[in-house]
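The values are calculated or read from the model by the stated rules, or taken from the named source; none is laboratory data. Note that the structure is a prediction, hence the values are computed from the model and not measured. Reconstructed Cβ throughout: ideal geometry from the backbone, glycine too, with neighbour counts over all protein chains shown.
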Amino acid sequence: MLTAKGAATRRRIIDGAAAEIRDKGAATATLDDVRARTSTSKSQIFHYFPGGKEELLLAVAAREAERVLEDQQPHLDDLTTWQAWRDWRDAVIRRYEQQGVNCPLGVLITELGRSTPAAQALTTQLIEQWQAALRAGILRMQETGEADRRLDADRTAAALVAAVQGGVVILMSTGAIGHLEAALDTFLTLLRASGRARAR
């Protein structure tokens with residue numbers, strides 16, 4: 001169990017490593033770079049991350065995964081109206097516009113190896129949390145009659161996560177955000193239309 005000071009030092013190292021990765025890339029950033037940026041010693045880095053660079057990269061990836069969901073708040077946990085869904089959509093677009101073609105989480109997962117258990121577990125946890133939040137929002141809209149109750153909320157949420165990720169991949173490949181905007185706008189239009197059609 002870390003003390004408050006220890007937890008703060010560990011977080012400073014993670015944040016410093018994340019900044020180095022954004023500046024130089026995961027493959028190029030070194031522990032010495034992180035040490036210099038965070039004003040910590042090599043012994044401190046290995047105290048908090050005994051596994052060295054790989055363990056530190058995994059910690060940074062975990063933090064970046066948290067940020068994916070944090071950047072969608074408070075909207076993601078309050079998808080109770082169409083305006084709330086629109087606000088969430090805008091938050092997603094804003095996040096990835098600011099990120100541009102550089103995706104720290106994607107780079108880190110690639111560096112760690114997508115097939116490693118730790119990387120797979122991290123990605124799975126992120127997708128499951130994201131999908132669960134969207135599922136809860138869809139269920140709320142179904143309960144109020146704003147969306148068709150016949151829709152499978154879990155599969156619909158899964159499709160939305162896949163659509164967002166597809167748009168992000170295209171953004172990273174081309175620098176164009178239009179596909180992500182189209183995916184979100186089309187999904188919201190169809191979800192809203194499902195409730196109207198059911199009410200007729």
- Message: I'd like to know if the range 188-199 contains one or more residues that are touching a residue at least 24 places away in the same chain (Cβ under 8 Å) and touching a His at 6+ places or on another chain (Cβ under 9 Å).
- Response: no
- Query: When you look at Val92, is it modelled with pLDDT under 90 and of a type in the set (Val, Ile, Thr), yes or no?
  - Reply: no
- Message: Suppose we filter the range 72-90 for residues that are within 24 Å of Arg22 (Cβ to Cβ) and either surrounded by 16 or more Cβ atoms within 10 Å (Cβ to Cβ) or of a type in the set (Phe, Trp, Tyr) (or both); how many remain?
- Response: 2
- Counting only residues that are exposed (fewer than 14 other Cβ atoms within 10 Å of the Cβ), at pLDDT 90 or above and not basic (Lys, Arg), how many does the range 16-50 have? 6
- Task: State whether one or more residues within the range 35-46 are in contact (Cβ under 8 Å) with a residue 40 or more places away in the chain and either closer than 23 Å to Thr123 by Cβ or in a loop (DSSP other than H, G, I, E, B) (or both).
- Result: no
- Message: For Ile13, only one of the following conditions fails: (1) at pLDDT below 90; (2) part of a helix (DSSP H, G or I); (3) among the hydrophobic types (A, V, I, L, M, F, W, C). What is its number?
- Response: (1)
- Task: Sort out which residues of the range 107-138 are β-branched (Val, Ile, Thr) and either at pLDDT 85 or above or outside any loop (DSSP other than H, G, I, E, B) (or both), and write them in order of number.
- Result: Val107, Ile109, Thr110, Thr123, Thr124, Ile127, Ile138
- Task: Scan the range 66-74 and give yes if some residue there is aliphatic (A, V, I, L, M), out of contact with any Gly (no Cβ under 7 Å at 6 or more places or on another chain) and in the same structural domain as Gly100 (by TED's automatic domain parsing), otherwise no.
- Result: yes
- Query: Does Leu160 satisfy the condition of being within 25 Å of Leu105 (Cα to Cα), assigned to a helix (DSSP H, G or I) and assigned by TED's automatic domain parsing to the domain that holds Arg95?
  - Reply: yes
